[in-house]
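A.B. asks: Take this structure, written in C-alpha cells, and hold onto it; I'll ask about it next.
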Amino acid sequence: MAQAQATHNTITLKGSTKIVTEFFSYAVNSILYQRGIYPPDNFEQKKQYGLSIMVSTDTGLSSYLTTVLEQMSDWLVRGELQKMVLVITSSETREVLERWTFDLQTDKSVLEGRQAPEKSDKEITTEIQAIIRQITASVTFLPLLNDACTFDLLVYTDAASNVPQEWEDSDPRFIQNAADVKLRSFTTKVHKVDALVSYRADMD
C-alpha cells in the first residue's frame, strides 16, 4: 500500500505522504456519495482498506480532485499541510450545512531526517477502516440534506508555503449554531489525521 521499509514496519516520509493523500481521496469520494452531492450513478464501487468504497466516475470531479490532491501531497511531504476541510453548501441559499474537518499533525523530527517509530501497514489500515466506516454511517446521525448542494475543499498550510496562483483565499466557512461529531483518527507515526464533522444543529 505504501513505500514502507517492510523489514522494520517503519513508514518513510514519502510512504506516509502517499498513505494520507490516498486516504483523503477515498474520504472525499465517500462523503460526496454518502451525502448525495452527486447522483449515485456517478459512482462505482472499489475495494480499498478491505472495504467497498464508492468512487466518482465524473471526469470533471476526478480531474479537480487529482489536481488538489497532488498539491496537497507536495505540502504534506514538506510538512506544511495543517488541515483539509470539505464544506457542503446549499446551492440555493449558499448557506454552509456541513463542514468535514481533517486536522493534520506532522512529526517535524522526521522532516529533519530522524526515522519514524515502527507501525505496521495492517495497524494503519485498521485505523483508516474505522474512519471510512464512520463516514459511511454518517447518514444515520446527520440531518437529511433536502437542498441541492455543492462542495468546496479548503486547505490550510503554513504561512510560508508556496501557494499556486490559481488557488484562491477563502474565509473559514464556519456554521452558525453548529453541532460537532468527533470521528476516529489515524497515524502513520509520521502524520496524524484527526477527523470531525460539524452540521447545523437546528436542521435535525
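A.B. asks: Out of the residues in the stretch 170-202 that are closer than 25 Å to Val110 by Cβ and of a type in the set (Ser, Thr, Tyr), which is least open to solvent (accessible area, probe 1.4 Å)?
C.D. replies: Thr188
A.B. asks: Look at the stretch 49-66 and say how many of its residues are free of Cβ contacts under 8 Å to residues at least 40 places away in the same chain and closer than 23 Å to Gln134 by Cβ.
C.D. replies: Summing the residues that are free of Cβ contacts under 8 Å to residues at least 40 places away in the same chain and closer than 23 Å to Gln134 by Cβ in the stretch 49-66 gives 5.
A.B. asks: In addition: Which fully enclosed strands (runs of 3 or more DSSP E) of the stretch 1-106 have 2 or more residues being modelled with pLDDT under 95 and open to solvent by 70 Å² or more (accessible area, probe 1.4 Å)?
C.D. replies: Answer list for the stretch 1-106: none.
A.B. asks: Would you please name the residue that is farthest from the chain's Cα centre (by Cα), looking only at residues in the stretch 107-138 that are part of a helix (DSSP H, G or I) and either without any contact (Cβ under 8 Å) to a residue 24 or more places away in the chain or surrounded by fewer than 13 Cβ atoms within 10 Å (Cβ to Cβ) (or both)?
C.D. replies: Looking at the filtered set, the residue picked out is Ser109.
The values are calculated or read from the model by the stated rules, or taken from the named source; none is laboratory data. As the structure is a computational prediction, the values presented were derived from the model and not from experiment. Methodologically, a virtual Cβ is constructed for each residue, glycine included, from the backbone with ideal geometry; neighbour enumeration extends over all protein chains shown. Areas reflect the complete protein model, heavy atoms only, side chains present, ligands, DNA and RNA absent. Shrake-Rupley method; radii C 1.70, N 1.55, O 1.52, S 1.80 Å.
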